[in-house]
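Structure first, commentary second.
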Amino acid sequence: MNCLRLLGLLALLSALTPLVCCVTKKTDPVVVVYTSVDQVYAEPILRDFQSRSGIRVRAVYDVEASKTTGLVNRLIAEQNNPRADVFWNGEFAQTLVLAERGVLGAYRSPAATGLPSLHVDPEGKWTGLGARFRVLLVNASLLGAKPAPSSIFDLLDPTWPADRIGIARPLFGTTATHASALYVSIGPSRARDFFSRVEARGVRVLDGNSTVRDLVVAGELLWGLTDSDDACAAVKRGAPVRVVIPDQDELGTLLIPGTVALISGAPNLAQGQHLVDYLLSPGTENALIDSGFFQLSLRDLRLKPGCMPTGEEVRAMTAGLPEIRRSFQICQQELREIFLK
Amino acid sequence: MPAGTEGDFPEIAYPPTRGIRAKTTVRIILQGLFVLMVFGPFCAVALQLLDPGVEAGRSWIELLLPTGRRGQLLMQSAGLATGVAISTTALGLLAALALWRCRQGRLSRLKWLALVMAPIPPYIHALAWMTALRFLSGGAVGAGPRAVHGWLLAWWVETMAFLPIAAGLCLLGLEAVRPALIESARVIRSDLKTLGLIVLPLAAPGILGAFVAVLLFSLTDYSVPSIFAVDVYTLEIFAEYSATGNAGEAFLLAAPVSVLAIGAVLVSQLTVSEAASAASPRVLTPMAPLSLPDWFKLIEKGGLFVLGLQILVPLVTLAAQLERPARIFETVQLAAGDIFFSFYVAAMAAVVCLAPALGAARGLLSARGRNRLWWFTAVLPLAVPAPLIGIGLIVIWNRPGLAAFYDSALMPVLAALTRFLPWAALVVLAQMRRVDQSLIEAARVHGKGTVMSWLRVDLPLVAPGIVAAAGIVFALTLGELGATLLVTPPGRSTLTIRIYNYLHYGGSADVAALCLVILGAGLGAALLVWAAMSGWSWLARRA
C-alpha cells in the first residue's frame with residue numbers, strides 16, 4: 001500500500017510539472033538579454049542596470065565550452081518568434097553573422113557618440129563596446145633572461161620548443177576570428193602556410209584560450225597565444241606571467257571589440273533600447289575595463305590601468321570587420337583540413 | 001507474453017476485459033509520449049534540411065558519407081570509444097563483481113555509492129586528472145610524444161568519467177541474476193566456473209548495456225578529447241555547425257555516429273535476448289557469496305581500487321582548490337538560484353521520465369519481429385549532438401501562444417527527457433526482465449481487476465528499476481550542458497552553466513565549491529538507488 005501511495009504521488013507530480021513550470025511570472029517591465037560575456041563580468045553590470053532603471057533583467061549566459069554553437073544558434077533558431085531583446089557579445093564575428101541573417105534590428109543609440117565609425121554598423125544593427133585583443137602570455141619564471149616572443153610568427157621559431165608553446169584550436173571562438181583576420185591581412189596562401197607549419201611543427205593546439213592561459217600559468221607552456229582578458233585574469237591572480245602585445249612593429253594584433261545589438265522584433269523594444277544605451281555608455285565601458293574584461297576603450301585605443309603598461313596605444317590589424325567575417329567560412333574549411341584529422 | 005517467459009509457461013488466452021483494454025490504451029499513450037518526446041526534436045532538426053530559407057552548403061550525400069579526412073576522424077572516434085568502452089566495462093564489471101559478492105555487511109549497503117560521480121561532467125574529471133598528473137610528474141604532463149600521450153590521457157580520463165555509469169549498470173545486471181540458478185550450478189561446478197558459465201551470461205544485459213552506454217557517451221563527447229588535442233568526429237560536427245550555423249547540415253554530419261550507435265545496440269541486444277530468456281523466471285532467494293580463488297579476488301580488488309580512485313582523485317583535487325569557508329559560502333550563495341533551478345529541473349526530469357520510460361520498456365520487452373523497431377526508436381536519438389536537440393526543441397516550442405511554456409522550466413526538463421529518456425527506458429527494461437512473471441500471472445488470476453493488480457503487483461515489482469532510472473536521469477540531467485544552454489529560460493541558469501563560466505574565468509576555487517555541491521547531489525542520487533534496491537530486497541523477501 002505504501003508503494004501504491006508513492007507511485008500515486010509520482011503520477012501526481014508528473015501531471016503537475018507542466019503547471020508548476022509555467023506559473024506566470026511578475027508583470028514588472030522586463031528586458032531579456034543574451035550575452036556571451038563571462039557571467040562573472042556581465043552579472044554585476046546587469047544588476048546595476050536593474051537597480052538603476054527598475055527594469056528586471058532576465059539574462060542567458062553562454063559558455064566557451066559550447067564551441068560557439070550556443071546563443072548565436074539559439075537566436076537564429078528563435079528568429080521567427082524572437083524572445084530576446086538585446087544581444088551583448090564579447091566579440092564581433094558572431095554578431096556580424098546575426099546581422100547577415102537578419103536577426104538584428106536597427107537602432108542608433110545616442111550613447112554611441114564618440115565611437116569611431118569602424119565600430120558602428122552603418123545600418124545601426126550593432127555598435128562596438130570596449131575591446132580585448134590577442135596577446136602572448138609568457139611564463140616569466142620559466143623564461144628567465146631570455147627575450148620574450150614578440151610576434152605570432154614566433155610560433156614557427158625553432159628556438160622555441162614546439163611542445164612548450166601553444167595556441168587554442170583555431171576553429172572556434174576568437175582564435176578562429178584571429179585566423180580569419182590573418183587570411184585577410186597577409187593573404188590566404190601565406191596564412192594557410194603559416195597554420196600548416198604551426199601544425200607540422202607540433203605546437204600544442206589546445207581546447208580554448210583559457211586552457212592556454214592555465215597551461216602557461218602552470219608552467220607547462222613557456223608561452224601561448226590567448227585573449228587579453230584571459231591573460232589579465234592570470235596577472236590579477238598573481239601568477240608569474242607577463243603579457244606581450246604581439247606584432248606591434250608592422251602587422252598589429254587583432255582587436256576584439258565587444259558588440260551590442262538590438263534584436264529585430266524584440267518583444268520589449270523600449271526596455272531593450274534602454275539597456276543598449278546603458279551598455280554603450282562610457283561608464284559601463286569603464287566598469288568593464290576596471291573588472292578586467294576589456295583592456296581598451298574603443299574611444300581612444302589606449303591601454304587602461306590594469307595588467308599592462310598604461311597609456312600605450314595598441315597597434316591593431318587593419319583588416320576590417322566585414323572582411324574578416326567574409327573570409328571566415330573559407331578559412332574555417334581550410335583550417336579544418338589542417339587541424340582536424 | 002514478455003520475452004523472458006517464453007518456453008517456461010504456456011500461453012494463457014485471457015478474455016479481453018475492460019481492465020486489459022484500459023491497460024493497453026495507457027501503454028499506447030505512454031509509448032506515444034515516449035516517441036514524441038524523444039523523436040520530436042530529432043525530426044524538427046531533420047526538417048530544417050527541407051527549409052528553403054536555409055542556404056545549403058554541401059550536398060546531402062557528401063555530408064552523410066564520411067569519406068577521406070572525415071572517414072579517418074570517424075574511425076579514430078570509434079577506436080577511442082571502443083577502447084574506452086572496453087576498459088570501462090572491464091573495470092566496472094570487476095568493481096561490480098566485488099560489490100555484488102558483498103551481500104552482507106557495510107560494503108553491501110554502500111555499494112550504490114559507486115554512482116556518486118555520475119553527474120560530474122567529464123570536463124571536470126579531465127581537469128582533476130591533469131592536476132593530479134601534474135602533481136605526480138612535477139609539472140610535466142606535457143612531456144612525451146604528444147600524439148601518444150593525448151590519446152592515452154583522453155582514454156584514461158573518459159574511462160574514469162564513465163566508470164560510475166558502467167559499474168552501476170553492471171551491478172544492476174548482476175543483481176538481476178536469479179540466485180537459485182547460481183546455487184544449482186554450484187552443486188556441480190566450482191564457484192569460478194559458475195561465475196563464468198552462469199552468472200556472467202545471465203548478467204549480460206547489464207554488462208552489455210554498460211558497454212553500449214559508455215560507447216555512446218564516448219562517441220558523442222568532444223570535451224575530453226579536445227582538452228588533450230585528440231581529434232574526434234564530434235569536433236568536426238561542432239566546427240561545421242559553428243562555421244555555418246546550419247543545424248540540418250550538422251544533423252546529417254551526425255548521421256554516421258547514429259549508425260554506429262544503432263549498430264552497437266542492435267548487436268548487443270541480439271546477444272542479450274538469448275541470455276534474458278535463459279534467465280527467467282526468477283525468484284530471489286538468499287545466496288551465500290561465491291568463493292573465488294585469491295588471484296581473481298586480487299583482480300576484483302584492482303577494479304574496486306580504480307573505482308575508488310575515480311572518486312578520490314577529483315574529490316581530493318577539488319578539495320585542495322577550495323579556499324576559506326567564507327569564500328565557499330559566498331560562491332554557493334551567489335549560485336543559490338542556479339543550484340535550486342538545477343535540482344528542480346533534474347528532479348522534474350527524473351519524475352516525468354518515469355511514465356513514458358515504463359511504456360517504452362514494455363515495448364522493448366516485447367520487441368520481436370516488427371516490434372524490434374522499438375530498439376531503433378529508443379536508440380537512434382542517443383548519438384545526436386546535444387545542441388541539435390536544443391535547436392529541435394526551439395523549432396517545436398518557440399511559437400506564438402506557447403510563450404508560457406517556452407519561457408519556463410519545462411524546456412530544460414524536456415531537453416533532459418529527450419536526451420535521457422532512452423536510458424531510463426533501458427534501466428526499467430532491465431528491472432522488468434528480472435521480475436518473476438508467475439507473480440504477475442497469479443495476480444491476474446486472483447486479483448481484484450487488471451488495473452488494481454497492475455498497481456499493486458506489477459508496479460511495485462518494477463519499482464526499484466523505476467527509482468534507479470529516476471536516479472540516473474537525475475544525475476545525468478544535473479551535468480547536462482549542450483541542450484540546456486539553448487533552452488534555459490531567460491533569467492535562469494543551471495549549476496553546470498555557471499561552472500563552465502567560472503572555468504573560462506579561471507575561478508578554480510569557485511569551480512571546486514560548485515562541483516562539490518554537484519557531488520553532494522550525486523550522493524543523494526546514489527542513496528536513492530540504494531533505497532530502491534533495499535526496497536526491492538525487502539519486497540522480494542516478502543514475496
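Miscellaneous remarks
- The conditions of being over 30 Å from A:Val63 (Cβ atoms) and part of a loop (DSSP other than H, G, I, E, B) are not met by A:Ser189.
Yes or no, residue by residue, for (1) touching a residue at least 24 places away in the same chain (Cβ under 8 Å); (2) surrounded by fewer than 20 Cβ atoms within 10 Å (Cβ to Cβ); (3) among the hydrophobic types (A, V, I, L, M, F, W, C):
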position	(1), (2), (3)
A:Leu136	yes, no, yes
A:Asn139	yes, no, no
A:Gly144	no, yes, no
A:Ser150	yes, yes, no
A:Leu155	yes, no, yes
A:Trp160	yes, yes, yes
A:Asp163	yes, yes, no
A:Arg169	yes, no, no
A:Thr175	yes, no, no
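- On inspection, A:Lys125 qualifies as out of contact with any Pro (no Cβ under 6 Å at 6 or more places or on another chain), open to solvent by 40 Å² or more (accessible area, probe 1.4 Å) and in contact (Cβ under 8 Å) with a residue 12 or more places away in the chain.
- All positions within segment B:88-106 that are open to solvent by 20 Å² or more (accessible area, probe 1.4 Å) and either in contact with a helix residue (DSSP H, G or I) (Cβ under 7 Å, 6 or more places away or on another chain) or at pLDDT 75 or above (or both): B:Ala90, B:Leu91, B:Leu93, B:Leu94, B:Arg101, B:Cys102
- Here B:Thr234, B:Thr220 are screened, and the one residue that is open to solvent by 30 Å² or more (accessible area, probe 1.4 Å), at pLDDT 80 or above and within 14 Å of another protein chain (Cβ to nearest Cβ) is B:Thr220.
- When B:Arg372, B:Arg324 are checked against the criterion of being modelled with pLDDT under 80, open to solvent by 20 Å² or more (accessible area, probe 1.4 Å) and closer than 29 Å to B:Pro422 by Cα, a single residue qualifies: B:Arg372.
- Any hit, segment B:228-238, residues being touching a residue at least 40 places away in the same chain (Cβ under 8 Å), in contact with a Lys or Arg (Cβ under 9 Å, 6 or more places away or on another chain) and acidic (Asp, Glu): yes
- Residues (touching a helix residue (DSSP H, G or I) at 6+ places or on another chain (Cβ under 7 Å) and within 9 Å of another protein chain (Cβ to nearest Cβ)) located in segment A:221-238: A:Leu221, A:Asp230, A:Ala233, A:Ala234
- Scanning segment A:183-219 for residues that are without any contact (Cβ under 8 Å) to a residue 40 or more places away in the chain, over 19 Å from A:Glu91 (Cα atoms) and either crowded, with 23+ Cβ neighbours inside 10 Å or more than 11 Å from chain B (Cβ to nearest Cβ) (or both) turns up A:Gly187, A:Ser189, A:Arg190, A:Asp193, A:Ala200, A:Asp214.
- Neighbours by Cβ (under 7 Å, 6+ apart or cross-chain): first from segment B:425-445, at pLDDT below 75; second of a type in the set (D, E, K, R) and open to solvent by 40 Å² or more (accessible area, probe 1.4 Å): none
- Checking B:Leu208, B:Leu181 one by one, the residue that is within 25 Å of B:Trp155 (Cα to Cα) and either open to solvent by 20 Å² or more (accessible area, probe 1.4 Å) or part of a helix (DSSP H, G or I) (or both) is B:Leu208 and no other.
- Single match in A:Ile245, A:Ile256 (criterion: under 24 Å from A:Ser151 (Cβ atoms), away from chain B (no Cβ under 12 Å), surrounded by fewer than 24 Cβ atoms within 10 Å (Cβ to Cβ) and in contact (Cβ under 8 Å) with a residue 60 or more places away in the chain): A:Ile245
- Test: residue in segment B:159-177 that is open to solvent by 40 Å² or more (accessible area, probe 1.4 Å) and either out of contact with any Leu (no Cβ under 6 Å at 6 or more places or on another chain) or within 30 Å of B:Val473 (Cα to Cα) (or both): no
- Scanning segment A:123-157 for residues that are part of a loop (DSSP other than H, G, I, E, B) and either at pLDDT below 90 or farther than 27 Å from A:Arg101 by Cβ (or both) gives A:Gly144, A:Ala145, A:Lys146, A:Pro147, A:Ala148, A:Pro149, A:Ser150, A:Ser151, A:Asp157.
The values are calculated or read from the model by the stated rules, or taken from the named source; none is laboratory data. It should be emphasised that the depicted structure is a prediction, and the values quoted were computed from it without experimental measurement. Quick reminder, even Gly has a Cβ in these numbers, built from the backbone with ideal geometry, and neighbours come from all protein chains shown. To get the accessible areas, we keep the full protein, side chains included, count just its heavy atoms, and leave off ligands, DNA and RNA. Shrake-Rupley method; radii C 1.70, N 1.55, O 1.52, S 1.80 Å.
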